[in-house]
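Nothing in this text is a laboratory measurement; each read-out follows from the coordinates by a stated rule. This structure is a prediction, so every number in the text was calculated from the model and none was measured. Note that we place each Cβ from the backbone using ideal geometry, even for glycine, and neighbour counts take in every protein chain shown.
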Amino acid sequence: MEFEPVIGFETHVELAAKSKVFCDTRAEFGGEPNSYVCEVCLGLPGTLPVLNKTSMELSLKVALALNCDIPEVTEFDRKNYYYPDLPKNYQISQEYRPLGRNGAMTILMPGGREKTVGIHNIHLEEDAGKLVHDVYKGRGVSLVDLNRASTSLLEIVSQPDMRSPEEAEAFMETMRSLLRYLEVSDCKMQEGSLRFELNVSMRPKGQKEFGTKVEVKNVGSVRAVLRALDYEMRRQTEILEDGGRVIQETRLWDDERGETRSMRVKEGAKDYRYFPEPDLPPVHIDREYLETLRKDLPELRDAKRKRFVEEYGLPDYDAGVLAAEKAVADFFEECTRLHNAPKVYSNWIMVYILRELGGEDEKEIADLKITPEHLAQLAQILDSGKINQNIAKKVLNKSLQTGDLPEKIIQEKGLEMVSDSGEIEKFVDEVIVEQAGPVEEYKNGKDNTLNFLVGQVMRKSRGKAQPDTVQELLRKKIRGEQP
Amino acid sequence: MSITADEVRHIALLSRLELSDDEVELYTGHLAEVLKYVEKLKELDVDDVEPTSHAIPMFNVMREDEVMPSLPQEDALENAPDRADPYFRVPKTTE
Amino acid sequence: MTEPYQLTAWEAAQALQNRSLSSSELISSVLRRIGEVEPKVHAFQVVIADKAKEMAKEIDDRRARGDSLHPWAGVPIAVKDNFCLKDAPCTCSSRILENFNPPYHATVVQKMLDAGLIPIGKTNLDEFAMGSSTENSAFGMTRNPWDLDRVPGGSSGGSAASIIADETVLSIGSDTGGSIRQPAAFCSITGMKPTYGRVSRYGLVAFASSLDQIGPMTKDVRDAAGLLQIIAGHDPHDSTSIAQPVPDYLTELTGDVRGLKIGIPKEYSIEGMNPEIEKNWREAALFYEGQGAECVEISLPHTEYAIAVYYMIGTAEASSNLARYDGVVYGRRAEGPFENIVDMYRKSRSEGFGSEVKRRIMLGTYVLSAGYFDAYYRRAQRVRTLIKNDFEAAFKTVDVVLCPATPSPPFKAGEKTDDPLEMYLSDVFTAPLNLAGLPGIVIPGGFSSEGLPIGIQLIGPALSESRLFNVAHRFQMETDIHKRRPTL
């Protein structure tokens, strides 16, 4: 019997507001523990929440971009449970009237297949603090840091519409790209500002009903999610093949061991006793205001990809790569604005620049020493014929390292092409004399030999001749062909 | 429908209280009495009535996204029953 | 010879301004009085003597220098011990906060300090404001100065007793189902619960967030108006606080009731109510008619459901608001060692909370729990709407409503402690207002044949505090009941 997975995600996004969602304390990653706190986010007696306008606005942008139904009135509710990273022992969240419902996101699979994934709801809530596990006097303890407590958290709940690890990966990539496009979060998974919680169940192929859903938490990167997904699919399949039942539960991914572990059943089943938050009045979402927000939404990835194909004549795949990250797409377009050479930029970015990005420290294009000015200048110099493609690549690499402008590098290293046609002709003539044999072969019709001869001229010129010009001269002089 | 001792034990757990057997019995009696009194609300037909969450209607109360100074770390930790500076320390969670 | 401690705030302010009295003298007088009667009354959790004397001296110096001061600067105020006063204890009369010192001021406390009022102490209350007698205090009850065997009412029993015993000039309390108004009636003082949102709740330890309000507890209506003037107003820290500007209550205080329409709700005449209370109510109605007002019978048909609704919504919100008392960031933690954190939570909370608090937490948790939410909580919220609508309809035809404050005069200590439901029923006339968010004022209405205080209550539409002050003031202009003091 074959089994297929049914996959959904709960995406947690830490919004890029400067202050927390319900108090005006700094919302920043990396501070000394318990130094970005105030009486409100510490949950001291007598304190009250006040909603951050920007957190609401950023959330609505996401709801719009995900094509959600946005209600006239949205409200907050209390989710009641006890945990030491939750100072009030309730989380202000949204249960009954979230700010977005019934949305959809299109994901693109490698190979070009598109799929629509439903978004069940989007809601704004406050994040919890952090726990560090330790031992004290021989007993296990938790150390509590409340810096992160009450920072703005947007939760995006998808429908369980994905049916394969490829679709899951495409979903995560698309979601991350979308959120970065909207500039609502820096989406740094290493820092926890973007977290994916995986929901996966297995069912016999062809069956309509879903199997038992398992939630997997503690996955810190897209790759880890895929590893956890793979593990869970196998684990659940094994159980079902043996005729057993999968337990509905939450499991933690242990990346070191490469397995998921059951969280021992929490005391008191999940009864969150949601009720409307009495300390926060409802929010009326004005339709006109929504329209202004919608108009201000940036052009999103897919629209941009299509436009790049049309406007710049790029192949679909290349356009897709460039459009994947807004910052990269903007960089590319700024280059073309400075000097029109889209195909050149596309090639350079894809081959040389993108490999510098991402990685462990999640490097961004803005972190690089190189700017559109650099590339535009280089393209201009290339177009003028002063250098050739090979030299351009060398200069680009150097520029990436040092941040120096291409002109400076070319001058300092004397990389300019030999433009003096007299000098090139001199080299050509020398080669014709020195390579009599191959010249004879070419004369007699062996076309391939031309490359060899061009190479010899390039050698003499130390790579600074234009290969096209050299080719033309050789053809003319040896075969008498006119360009 | 009257509340049972088992339900009271469950509620005590949900609200992180610990009751002796005597207390369970006592509170079960008290709660049952109150819940019985409250049954009178069922006399009313409220299907078409909107619930009131906020006594005085108010909407869209928000503040600008501005950062104000935090509490000094010492003030934050000052009332803590157990601290391992700069953290609060608690017994382990149950996962 | 009037002792300074016997003065009202209005009188004291005049004396302070014309220099016939210094703030230091006033504070000394009050502290002496506290020394005399506190052993019998136990109104205070803590008396802040040294700081008060310091502040008094500072005010006196500033007055001498000719600094511009609020007219009431230098007057002492007793603050219920569920308000945060920075670096002073805030116990809420609970063991779980026995050693808690808040690092911030409640907004109302800041306003009081800005006006130069001097906190003289934190007063006793029912634990976490849950109760109607102050017997639920973890640190001993407060006694009614009129009869030390009886309760002063609750939960602001300490504040009420401190006023009638002249242990302070002004006081402030909180009211969730009657906690200002019922003790005001039991102790024969003036107490007002303003419109929900009129006074900022920031820094008031929350009991039931959609019901809690803060209000003045004073020797007379004029003082209440002046104190409300100081503490009312919009607060950006409290999302439920009203933006409308605060009127000048003192300037608007004329006591003119001519042409006023007063509603007498027929449902407030309930079975089992003390007949002297009913009589006093009727007499008050006659009084107002004699002053040029017109009394008409009105109906508030859902009155009988108010207590049930109050105990559903109030306890539900309380169960959530009190979840934070867990021994992690602050508050009492039981002695370890603990198996795990759940063990720590359970032991600490069970040790720290009294039985009434536990009872309400459990009731509230039950009402919100899976399977019961719709039947209890949601239903209660809908009936709340009906109660609100009753008042809205009434105020289309009348300007204020006149009714009793309590169904009985102050009862004896211990009389209702075995029967929680009976205790809850003492809120029957006060709780409806918290549900509707409307303002209500209680003033001394008379005394029973046993010499026990009886209060009368006036209710108005939202933001009608000025009107209420006027109607109440009329009564105090023509009668002397509010001037009587117990012999201690």
- Mind putting together the pair-distance distribution for the protein assembly as shown? All Cα pairs, 10 Å bins, whole percent per bin, short to long. 2, 10, 16, 19, 16, 11, 9, 7, 4, 3, 2, 1, 1, 0
- Item | Cut-off 15 Å, label 7 Å out along Cα→Cβ of A:Arg245, residues of segment A:197-215 by amide N | A:211-214
- Message: Please report the net charge: other residues with Cβ closer than 10 Å to the Cβ of A:Gly206, K and R +1, D and E -1.
- Response: +1
- Task: May I ask which residue of A:His123, A:Val321, A:Ser193 lies farthest towards the positive end of the charge dipole of chain A, with charges of +1 (Lys, Arg) and -1 (Asp, Glu) on Cβ and the Cα centre as origin?
- Result: A:Val321
- Task: Would you mind checking the tilt of helix A:222-241 against the longest principal axis of the Cα atoms of chain A, expressed as 0 to 90 degrees and rounded to 10?
- Result: 60 degrees
- What FRET efficiency, computed as 1/(1 + (r/R0)^6) with R0 = 51 Å and r the Cβ-Cβ distance, is obtained for C:Asn99 and A:Glu288, rounded to the nearest 0.05? 0.45
- Rg/Rh (Cα only; Kirkwood hydrodynamic radius) as it applies to chain B: 1.16
- Within segment A:173-248, DSSP-loop trypsin sites (Lys or Arg not before Pro) with at most 10 other C-beta atoms within 10 Å are A:Lys205, A:Lys208, A:Arg245
- At what distance in angstrom do the alpha carbon centres of segment A:203-222 and segment C:311-359 lie from each other? 37 Å
- Residues whose built amide H sits under 5 Å from the amide H of C:Arg150, excluding neighbours closer than 5 in sequence, are C:Asn144, C:Ala413
- Using the per-residue mean of other Cβ atoms lying within 10 Å as a proxy for protection, in what order, highest first, do the peptides C:243-249, A:164-170 fall? A:164-170, C:243-249
- Message: How far apart, in nanometres, would the label points at A:Ala104 and B:Glu64 be if each is projected 7 angstrom from Cα along the Cα-to-Cβ direction?
- Response: 4.1 nm
- Rounded to the nearest 0.05, what FRET efficiency do A:Arg337 and A:Glu183 have when you use their Cβ-Cβ distance and R0 = 22 Å? 0.60
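Per residue of C:189-202, count partner chain C-beta atoms within 10 Å of its C-beta, then hand back the mean as an integer. All intermediate terms of the calculation are to be shown ahead of the outcome.
Numbers: counts 0, 0, 0, 0, 0, 0, 2, 4, 5, 1, 0, 1, 4, 6.
If you average over the peptide's residues, the count of other-chain Cβ atoms is 2.
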- Taking a ≥ b ≥ c as the square roots of the eigenvalues of the Cα gyration tensor, with a/c under 1.5 meaning rounded and otherwise prolate when a/b exceeds b/c and oblate if not, segment A:3-290 is oblate
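Evaluated at 37 °C with a viscosity of 0.692 mPa s, what Stokes-Einstein diffusion coefficient in µm²/s does segment A:421-479 have when Rh comes from the Kirkwood expression over alpha-carbon pairs?
Details: Rh = 11.0 Å.
Diffusion coefficient, whole number: 299 µm²/s.
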- Item | Between 0 and 90°, nearest 10: helix A:165-182 axis offset from chain A longest Cα axis | 90 degrees
- Work out the length of the dipole vector of segment A:299-413 about its Cα centre, built from +1 on the beta-carbon of each Lys and Arg and -1 on the beta-carbon of each Asp and Glu, and round it to the nearest 20 debye. 460 debye
- Note on the structure: Two pseudo-spin positions, 7 Å from Cα along C-beta at B:Val49 and at A:Glu311, lie apart in nanometres by 6.0 nm
- Note on the structure: Residues other than A:Ala27 with Cβ under 11 Å of its Cβ, Lys/Arg counted +1 and Asp/Glu -1, net out at -2
- Message: Rg over Rh of chain A, using C-alpha atoms and the Kirkwood radius, what does it come to?
- Response: 1.12
- May I ask for the angle, rounded to the nearest 10°, between helix A:389-402 and the longest principal axis of chain A, with both axes built from Cα atoms and the value confined to 0 to 90°? 40 degrees
- Message: Quick check: pseudo-label points 7 Å beyond the Cα along Cα→Cβ at A:Lys205 and A:Arg459, how many nm apart are they?
- Response: 5.9 nm
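Determine one quarter of the surface area of the Cα convex hull of chain C, which equals its mean projected area, and express it in nm² to one decimal. If you can, show how the numbers build up before the last one.
Values: hull surface 89.3 nm².
Its average projected convex-hull area is 22.3 nm².
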- Item | Extension gain, A:Lys476 back to A:Glu259 (0.36 nm per residue minus Cα-Cα distance, nm) | 71.2 nm
- Local charge sum around C:Ala64 (other residues, Cβ-Cβ under 15 Å, Lys/Arg +1, Asp/Glu -1)? 0
- Note on the structure: Length gained if C:Thr479 through C:Gln17 is fully extended, taking 0.36 nm per residue and subtracting the Cα-Cα distance, is 163.5 nm
- Task: Mind checking B:29-42 for the average number of partner chain beta-carbons within 10 Å of each residue's beta-carbon?
- Result: 6
- Item | Spatially proximal lysines relative to A:Lys443 (Cα-Cα < 24 Å; intrachain offsets below 8 disregarded) | A:Lys426, A:Lys460, A:Lys476, A:Lys477
- Task: List, in order, the whole-Hz ³J(HN,Hα) value for each residue of segment B:80-90 obtained from phi through the Karplus relation with A = 6.51, B = -1.76, C = 1.60 and θ = phi - 60°; use x for Gly and Pro.
- Result: 5, x, 8, 10, 10, 2, x, 9, 8, 10, 9
- As straight-line cross-link partners of B:Lys36, the qualifying lysines (C-alpha separation under 22 Å, not fewer than 8 residues apart within one chain) are C:Lys358, C:Lys416
- Lys/Arg Cβ at +1, Asp/Glu Cβ at -1, dipole of the protein assembly as shown taken about the Cα centre: which of C:Ser20, C:Gln457, B:Pro69 is farthest positive-ward? B:Pro69
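On average, how many beta carbons from a partner chain sit within 10 Å of the beta carbon of a residue in A:72-81? The partial results should precede the final answer.
Values: counts 0, 2, 0, 2, 0, 1, 6, 1, 8, 2.
Average per residue, whole number: 2.
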